[in-house]
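Only one structure is covered here, and it is reproduced in the block below.
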Amino acid sequence: MLAQPDQLPAWSPGTLEIHHLSTGRGNCTFTIAPDGSTLMIDAGAQMPTAEQLPYFVPAYPDTSRRPGEWMARYTQRHLARAGRKEIDQLFLTHFHSDHMGEYKSDLPQSKLGNYKLTGITDIAESIRIGKIVDRGYPNYDYPAPVNDPGTRNYRSFIESVSKRNTVVEAFRPGSASQLGPRAKIENYEVRNVVANGQLWTGKGEEFKATFPDVKTLKPADYPSENMCSGGIRIRYGAFDYFHGGDLCDGSNYGNPAWRNIETAAAKVVGPVDVALASHHGYIDSTGPDVVRALRPRAFIIHAWDSAHPTMPALHNMLSQELYQGPRDIFSTAMKAEARIAIKRLNQLKASLGHIVIRVAPGGASYEVLITSNADESDRVTARFGPYVSA
Ligand SMILES: [Zn+2]
């Protein structure tokens, strides 16, 4: 049966799909590789307090379930489209609640281990995950021990899941196999670009440390959690996609250049077709040198706050001085008030819904589809492209 025009087309072997889920509560990217291998990047779940709520976009589809439950249901539907049941790999970019799930003492307890259900753990409660890769395993002590309640909950989960049937590994910078498909696919690669400031050099699987030895730094000068964020590049034929988690430019106001890890990573990656705006397009990210290096045809903003994106980041993304030619910007959500504060947000192509990039077999072209986040219909609300991969 032919798909209705407003239905997401069936996934078929050879197609790469990159889904940016819109829950309004954090980042979650789910990819189906050309062979049906599945990779999830982050599964955030913020739980705003009454004071924080006015700054948040709405929760999507609604608050009747936890964000992690909505993400799990979304993932199950799309695993089924590819005839799959498992997430082969989950890559957690860094240890913040909008990427792994926020901890609250009144959250339900897992039936599988001694931890609460939020974000990633909510997903793992109903979907088996083959491998988890993060920046801290097994000691979680760079640049200093990570020990907030959210990370403790995550570590309890890791301890439990690693005794069941999930492999857990530390992110290997430079690797082109750690997060790749189950078996090698012609012209398809998932490249580990950076984590903990350890940056791929662009040659083979070589990497170098860009942060100074923490022993030489005062604790106040340690790299921040966002600076330690992991980033990967997905390449399929001529198509390139960069996801840099919450990498940021910490070199503002005269700080040392090594703190600008976002720019260093963007320069190694070089021009891409689609880039996720790092750190949600916040004030300390998506700087001029990043935009100049990546020069994407499409930017994706994973938004949950009124400052996603900020004005400087948006101006950079739209700038014809940083690079010439057309570019389309898509956001998973937007605070209504932000449009009044930042008039140029009207230039976004779409600002509400799941953003699905569908790369054609071989990688020569791709489309951007927006699907409804109001319900679980996966109804296509807008369609852009096809774009030719550069
Ligand atoms: Zn974030």
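Read-outs: derived from the displayed coordinates by stated rules, not from any lab. On a predicted model such as this, the values are computed, not experimentally measured, just so you know. Neighbour counts are summed over all protein chains in view; Cβ atoms, including those assigned to glycine, are modelled from backbone coordinates with ideal geometry.
Observations on the structure shown:
- Per-pair calculated FRET efficiency, R0 = 25 Å: E169 and E205 via Cβ, rounded to 0.05: 0.95
- Magnitude of the charge dipole, the stretch 16-388, Cβ model with Lys/Arg +1 and Asp/Glu -1, debye to 20: 520 debye
- Using a Gaussian network model of the chain in which every pair of alpha carbons under 10 angstrom is joined by a spring, one finds that among T31, T151, T93 the greatest mean-square fluctuation is at T151.
- FRET E, pair S224, S319, Förster distance 25 Å, beta-carbon r, rounded to 0.05: 0.45
- Segment S12-A238, extension gain: residue separation times 0.36 nm, minus the distance between their alpha carbons: 79.4 nm
- Filtered trypsin sites (Lys or Arg not before Pro), the stretch 165-234: DSSP coil and at most 14 other beta carbons within 10 Å: R182, K184, K203
- Selection of trypsin sites (Lys or Arg not before Pro), the stretch 123-161, meeting DSSP coil and at most 14 other Cβ within 10 Å: R128
- Note on the chain: Cα Rg divided by 2.2 N^0.38 Å, N the number of residues, gives 0.91.
- Within the same chain, aspartates and glutamates fewer than 8 places from K111 are excluded, and of the rest, those with a Cα less than 20 Å from its Cα are E69, E86, E102, D122, E125, E159.
- Euclidean distance of C-alpha centroids, the stretch 303-368 and the stretch 170-193, integer Å: 27 Å
- The stretch between A50 and K343 holds 102.7 nm of extra length on full extension. This uses 0.36 nm per residue minus the Cα-Cα distance.
- FRET efficiency for V388 and S105, using Cβ-Cβ distance with R0 set to 56 Å, rounded to 0.05: 0.60
- Of all stretches in the chain that contain no GluC sites (Glu not before Pro) in a DSSP loop with at most 14 other Cβ atoms within 10 Å, the longest one is 207-320.
- Relative contact order for the chain: 16 percent, from Cα pairs under 8 Å spaced at least 6 residues apart, divided by residue count.
- GNM result for the chain, Cα springs below 10 Å: residue of T166, T23, T63 fluctuating most strongly: T63
- Between Q76 and R182, full extension at 0.36 nm per residue minus the direct alpha carbon distance yields a gain of 36.3 nm.
- Within the chain, the selection of entire DSSP H helices by a Cα span of 15 Å or greater along the long axis and an average Kyte-Doolittle value of at least 0.5 returns an empty list.
- Aspartates and glutamates with Cα under 16 Å of K203, excluding same-chain neighbours fewer than 8 positions away: E189
- Selection among I123, N27, Y140 by position relative to the dipole of the stretch 22-149 gives I123 as farthest towards the positive end (Cβ unit charges, Cα centre).
- Inter-centroid distance (Cα atoms) of the stretch 75-112 relative to the stretch 4-56, Å: 11 Å
- Amide hydrogen proximity for F91: with H placed 1.01 Å from N in the peptide plane, the residues at 5 or more positions away or on another chain lying under 5 Å are M40, I41, D42, V133.
- Set K218/K267; K131/K267; K208/K267 screened for pairs whose C-alpha atoms are more than 22 Å apart: K218/K267; K131/K267
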